[in-house]
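Encoded as structure tokens, the structure appears first; notes follow it.
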């Protein structure tokens with residue numbers, strides 16, 4: 001109880017100070033949807049962003065020196081996707097680790113009974129009860145060149161949303177039995193279709209990396225929902241409607257009215 005009181009007190013003190021002008025510039029430059037939000041939504045996003053930045057442990061890795069622009073860009077995109085969700089879906093994310101570019105992690109593979117040590121290049125990771133790890137080069141590219149259906153921040157934080165029920169299976173906690181029924185029906189159909197398209201080598205709006213697993217499909221669908229909403233609504237209307245109802249946001253409508 002006392003910890004909740006202290007948290008509220010710290011947040012009230014933080015939010016009583018003016019929002020840094022430079023941070024508004026970073027949001028306008030690197031978070032495309034920020035300019036499309038209503039004034040009330042922008043205010044909520046700014047408040048959520050300040051709390052997010054203040055309460056996470058930020059670490060630059062591989063020699064990277066973190067700047068306010070990096071923090072605001074990452075936090076702005078994460079807080080945008082959570083703007084319509086109940087509660088604080090990212091409270092369990094304690095640390096954000098940022099590398100200058102893709103990074104190598106040790107990896108073992110089996111070949112004819114032998115264990116072979118090697119490395120795997122990665123742009124990002126999300127760990128249950130652990131950090132989110134991001135490549136700044138990828139985050140910056142996605143932020144400054146939106147519209148390709150790719151966004152590393154939305155992808156990795158979608159995994160964190162998926163893990164809220166302690167399971168990484170492409171199904172986050174859902175509010176009703178009806179939504180769970182729709183989720184199973186639509187996601188299963190769309191996932192299987194992406195597998196079929198990937199195996200046939202067909203070009204798809206959704207990144208075929210989503211065919212790797214249900215968890216990756218949810219992350220890929222989420223990044224496409226926010227980054228290519230009009231195209232997703234046109235090509236995959238049932239998937240778009242499902243994600244619109246889950247995230248309680250309609251990014252395609254935002255783009256259409258601005």
Worksheet item: Say we look at region 164-190 and pick out the residues that are in contact (Cβ under 8 Å) with a residue 60 or more places away in the chain and within 17 Å of the chain's Cα centre (by Cα); which of these is surrounded by the most Cβ atoms within 10 Å (Cβ to Cβ)?
Response: 172
Practice prompt. Could you tell me which numbered condition residue 88 fails, if it satisfies all but one of (1) closer than 18 Å to residue 153 by Cβ; (2) modelled with pLDDT under 95; (3) part of a strand (DSSP E or B)?
Written response: (3)
Fill in: Filter result for residue 198 (assigned to a helix (DSSP H, G or I), touching a helix residue (DSSP H, G or I) at 6+ places or on another chain (Cβ under 8 Å), over 23 Å from residue 86 (Cβ atoms) and free of Cβ contacts under 8 Å to residues at least 24 places away in the same chain)
yes
Practice prompt. Take region 218-258 and flag every residue that is outside any helix (DSSP H, G or I) and over 25 Å from residue 169 (Cβ atoms).
Written response: 250, 257, 258
Worksheet item: Looking at 206, 255, 242, which one is buried (at least 23 other Cβ atoms within 10 Å of the Cβ) and either touching a helix residue (DSSP H, G or I) at 6+ places or on another chain (Cβ under 8 Å) or more than 18 Å from residue 180 (Cα to Cα) (or both)?
Response: 206
Worksheet item: Looking at (1) within 18 Å of the chain's Cα centre (by Cα); (2) modelled with pLDDT of 95 or more; (3) loosely packed, with under 12 Cβ neighbours inside 10 Å, which is the one condition that is false for residue 77?
Response: (3)
Discussion item. For region 136-151, which positions are touching a helix residue (DSSP H, G or I) at 6+ places or on another chain (Cβ under 7 Å) and free of Cβ contacts under 8 Å to residues at least 60 places away in the same chain?
Written reply: 138
Practice prompt. Could you grab the pairs with beta carbons closer than 6 Å, sequence gap of 6+ or different chains, first residue in region 51-65 and closer than 30 Å to residue 9 by Cα, second one modelled with pLDDT of 95 or more and part of a loop (DSSP other than H, G, I, E, B)?
Written response: 58/66; 60/66
Item to complete: Look through region 1-32, keep the residues that are surrounded by 13 or more Cβ atoms within 10 Å (Cβ to Cβ) and more than 23 Å from residue 146 (Cα to Cα), and return whichever of them is modelled with the lowest pLDDT.
Response: 7
Discussion item. All but one of (1) modelled with pLDDT of 90 or more; (2) closer than 19 Å to residue 154 by Cα; (3) out of contact with any helix residue (DSSP H, G or I) (no Cβ under 9 Å at 6 or more places or on another chain) hold for residue 122; state the number of the condition that does not hold.
Written reply: (1)
Response to the item:
Of (1) modelled with pLDDT of 95 or more; (2) surrounded by 15 or more Cβ atoms within 10 Å (Cβ to Cβ); (3) in contact with a helix residue (DSSP H, G or I) (Cβ under 8 Å, 6 or more places away or on another chain), residue 68 fails just (2)
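The values are calculated or read from the model by the stated rules, or taken from the named source; none is laboratory data. Computed from a predicted model, the values in this text were never measured in an experiment. As a convention, Cβ positions derive from the backbone with ideal geometry for all residues, glycine included, and neighbour counts pool all protein chains shown.
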